[in-house]
Amino acid sequence: MDSNRNDLDALLKETRQFEASEKFKGNAIVRDRSIYDEASKNRLTFWESWAENLKWREKWHTILEWKPPYAKWFLGGKLNVSENCLDRHLEAGRSDKMALIWEGENGDSRSYTYRDLHAEVCKLANSLKSLGVKKGDRVVIYLPMIPEAAIAMLACARIGAPHSVVFGGFSPQSLVDRINDLKAVCLITADGGYRRGGVVPLKTNADKALDSCPTVKKVIVVARLGQPTEEFSADMEIGRDHWYHELIGEAEPHCTPEIMDAEDLLFVLYTSGTTGKPKGIVHTTGGYLTQVTATTKCVFDLQEDDVYWCTADVGWITGHSYIVYGPMSNGASVLMYEGAPDWPDKGRFWEICQKYKVSIFYTAPTAIRAFMKWGDDWVQKYDLSSLRLLGTVGEPINPEAWIWYHRVIGKERCPIVDTWWQTETGAIMITSLPAVTETRPGSAGEAFPGICTALLNDEGEAVSAGLLAITEPWPSMLRTIYGDDERYESTYWSKWEGIYFAGDGAKIDEDGFLSILGRVDDVLNTAGHRIGTMEVESALVDHPAVAEAAVVGKFDEVKGQAIAAFVTLKENWQADDGLVMELRDHVAKKIGAIARPDSIVLTADLPKTRSGKIMRRLLKDIAEGKALGDTTTLADPSVVQGLKEQYLSKES
Ligand code: WTA
């Protein structure tokens with residue numbers, strides 16, 4: 001656990017005083033807790049009542065079948081997710097309600113009512129069918145943040161073809177690994193996307209990847225850049241590649257939704273684990289939709305006229321559950337933005353909030369800390385009076401950032417929901433509920449109604465600070481790791497019998513408020529993105545110069561954690577700054593720019609135990625400039641001292 005958060009206690013005390021002060025208004029009223037009472041009386045019927053709000057083609061006969069660690073929810077139930085996110089609202093007379101409002105980085109914009117979105121999704125669904133994509137076929141989506149990303153997900157759901165979205169910042173190699181693991185038959189991509197004034201050459205990346213992906217027979221290409229430029233002209237392969245606009249131009253705007261079983265695969269999303277190979281997290285249909293619908297409604301206290309903006313990318317689980325499925329199942333008006341918060345200037349997000357009168361804003365602590373660093377003036381230029389609720393997700397939020405968010409963005413008027421959950425959990429698990437409970441800086445609050453969490457030690461005993469565990473199955477839980485039940489069992493269910501191990505450390509205070517402390521495994525959380533240390537290490541040793549590599553997370557004021565690498569070179573390689581740059585770029589090329597190490601130290605030796613295990617704890621201490629712990633178990637304690645001196649000289 002991150003010892004940088006040891007001073008959390010002091011900060012919490014400070015923030016309690018703040019809460020008690022006159023300045024903190026509208027937040028501390030404890031309201032009607034009947035939703036918690038109802039769920040604790042009977043968790044299964046609680047979830048069932050949420051499922052009943054959805055449109056089912058056939059009702060389930062059993063709420064839950066739990067054969068640890070395998071869960072099935074709403075057995076026998078039949079439904080279609082896209083029908084629930086679209087048709088249901090048309091039937092309820094909300095056809096003209098705005099469904100998706102999109103703004104491009106360049107300031108171009110598009111909007112879709114639920115009627116429009118339904119038609120677009122149907123057209124793409126029919127196009128996929130005309131290309132031969134059938135129920136059960138896997139489709140990979142590799143798109144920028146454009147409406148077509150949401151349309152593609154919903155179109156796949158409509159025809160029962162599980163999708164897997166690959167973040168547009170990932171490399172061709174990452175795309176290859178995911179496509180091949182899934183044996184995907186179709187790829188939906190774009191000629192490119194805009195990012196900070198530059199162009200991300202998605203189709204060029206996709207073409208590089210597709211050389212190694214024999215299963216992909218069809219590629220659909222969105223013309224985002226419009227006129228293909230010479231540099232990024234999409235080379236269309238005849239027979240395989242099709243322009244999106246040409247396909248949908250010929251397609252019917254009606255498509256009968258495929259009737260899916262509650263436990264049919266909805267999507268696979270890859271996330272980093274403690275080995276070099278990302279895990280394909282499997283999510284199914286009925287339980288997933290039930291929990292994302294319930295949490296979106298309750299956590300954001302969603303009202304009919306809200307304009308809801310979640311700043312995540314659809315390439316991450318947050319984009320799946322809280323841009324597309326949860327909000328759209330609730331018939332919300334969803335804002336989607338293509339670009340970065342600091343382009344063309346650092347007021348961009350607030351300009352958008354003002355322009356579209358955003359009422360709910362959901363983002364990550366890294367972004368909040370960056371806004372804080374950029375200064376209040378950027379915010380104060382804009383009218384943010386439409387905001388009424390703020391959210392945070394993806395990493396622990398430090399109380400200073402929470403307070404700043406509350407004061408400067410929320411004008412001390414908007415409650416903040418700090419939501420803890422994971423790709424694996426599918427939906428929010430720990431949070432406060434703004435209409436029900438109080439919210440506190442530095443604390444995610446309590447488990448969502450119907451969710452059972454505990455803090456345990458290695459022996460499975462309850463503790464007030466320890467490992468975060470989920471003790472009962474929940475509707476949107478992952479069902480397995482794609483094609484790897486064994487890894488599913490050993491990663492999440494082998495620590496305690498029938499109890500889910502989340503990989504996070506947490507503590508609970510006397511009022512039952514949980515504070516998440518961070519990962520306890522070899523997974524980094526850098527700028528809210530999960531990166532496995534082993535993944536970065538594998539990418540480093542893939543370079544011909546590298547003999548051995550060890551990667552650790554080091555504290556970073558904005559990103560939470562930065563990536564620090566220690567590398568030993570093979571003989572005959574010259575250690576110099578040029579090589580360091582080359583190695584950093586090599587990792588970015590192998591995985592994607594988000595995994596580029598922030599620092600690399602080239603060293604003759606790595607500190608190892610006598611049995612040959614690299615002592616990561618010591619490397620972390622070195623990277624963070626802390627006093628070193630016990631080094632007596634090391635095979636050669638002098639390595640550490642040398643490394644520390646070397647590191648300090650690099651940093652200065
Ligand atoms: C971390 C993102 C503290 C945690 C939805 C978890 C958080 C990992 C919070 C999952 C939070 C997420 N407070 N830490 N509110 N939310 N995390 O799969 O370490 O990308 O295990 O899902 O992010 O990351 P993932």
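The values are calculated or read from the model by the stated rules, or taken from the named source; none is laboratory data. Everything numeric in this text was worked out from a predicted model, so none of it was measured. Here Cβ is always computed from backbone atoms with ideal geometry, including for glycine, and neighbour counts include all displayed protein chains. Each accessible area value is taken on the protein alone, full model and side chains, heavy atoms only, with ligands, DNA and RNA left out. Shrake-Rupley method; radii C 1.70, N 1.55, O 1.52, S 1.80 Å.
When segment 249-281 is limited to residues that are among the hydrophobic types (A, V, I, L, M, F, W, C) and surrounded by 22 or more Cβ atoms within 10 Å (Cβ to Cβ), the one that is nearest to residue 487 (Cα to Cα) turns out to be 281.
Can you tell me which residue within segment 310-330, out of those that are in a helix (DSSP H, G or I), within 16 Å of the ligand (Cβ to nearest atom) and of a type in the set (Ser, Thr, Tyr), is surrounded by the fewest Cβ atoms within 10 Å (Cβ to Cβ)?
Here is the first cut: in segment 310-330, the residues in a helix (DSSP H, G or I) are 317-329.
Filter once more, keeping what is within 16 Å of the ligand (Cβ to nearest atom): 317-327.
Retained after the next criterion (residues that are of a type in the set (Ser, Thr, Tyr)): 318, 321-322, 325.
Working: 318: 25, 321: 30, 322: 27, 325: 31.
Here the answer is 318.
Go through 605, 598, 521 for me and flag whichever is surrounded by fewer than 21 Cβ atoms within 10 Å (Cβ to Cβ) and under 19 Å from the mean Cα position of the chain (by Cα). Spell out the reasoning first.
Details: 605 fails: under 19 Å from the mean Cα position of the chain (by Cα); 598 fails: under 19 Å from the mean Cα position of the chain (by Cα).
Answer to the selection: 521.
Residue pairs whose Cβ atoms lie under 9 Å apart, sitting 6 or more positions apart in sequence or on different chains, and linking a residue in segment 422-442 that is β-branched (Val, Ile, Thr) and open to solvent by 10 Å² or more (accessible area, probe 1.4 Å) to a partner that is within 12 Å of the ligand (Cβ to nearest atom) and part of a loop (DSSP other than H, G, I, E, B), are 423/316; 423/478.
Determine which member of the set 575, 593 is among the hydrophobic types (A, V, I, L, M, F, W, C) and under 30 Å from residue 168 (Cα atoms). Can you show your working first?
Working: 575 fails: under 30 Å from residue 168 (Cα atoms).
Step by step, each of 575, 593 is checked, and only 593 is among the hydrophobic types (A, V, I, L, M, F, W, C) and under 30 Å from residue 168 (Cα atoms).
Which of (1) under 22 Å from residue 201 (Cβ atoms); (2) touching a Leu at 6+ places or on another chain (Cβ under 8 Å) is the odd one out, the single condition residue 155 does not satisfy? (1) is the only condition that residue 155 fails. Does residue 621 count as among the charged types (D, E, K, R) and within 16 Å of the ligand (Cβ to nearest atom)? So residue 621 fails the test. The one condition from (1) more than 27 Å from residue 112 (Cβ to Cβ); (2) out of contact with any strand residue (DSSP E or B) (no Cβ under 8 Å at 6 or more places or on another chain) that residue 182 does not meet is (2). Among the criteria (1) within 26 Å of residue 527 (Cβ to Cβ); (2) open to solvent by less than 70 Å² (accessible area, probe 1.4 Å); (3) modelled with pLDDT under 85, the one residue 628 does not fulfil is (1). Of all residues in segment 530-579, those satisfying the criterion of being buried (at least 18 other Cβ atoms within 10 Å of the Cβ), among the β-branched types (Val, Ile, Thr) and under 25 Å from residue 271 (Cα atoms) are 531, 533, 536, 551, 552, 563, 567. Counting only helices (runs of 4 or more DSSP H) that sit wholly inside segment 25-138, those with at least 3 residues that are within 30 Å of residue 239 (Cα to Cα) are 114-130. Looking across segment 471-497 at every residue that is out of contact with any Phe, Trp or Tyr (no Cβ under 7 Å at 6 or more places or on another chain) and within 30 Å of residue 437 (Cα to Cα), the one that is nearest to the ligand (Cβ to nearest atom) is identified as 478.
What do you reckon, is residue 306 in contact with a Pro (Cβ under 7 Å, 6 or more places away or on another chain) and of a type in the set (D, E, K, R)? Spelling it out, it is not the case that residue 306 is in contact with a Pro (Cβ under 7 Å, 6 or more places away or on another chain) and of a type in the set (D, E, K, R).
Restricting to segment 585-610, name every residue that is more than 25 Å from residue 641 (Cα to Cα) and either among the acidic types (Asp, Glu) or not in a loop (DSSP other than H, G, I, E, B) (or both).
585, 586, 587, 588, 589, 590, 592, 593, 594, 595
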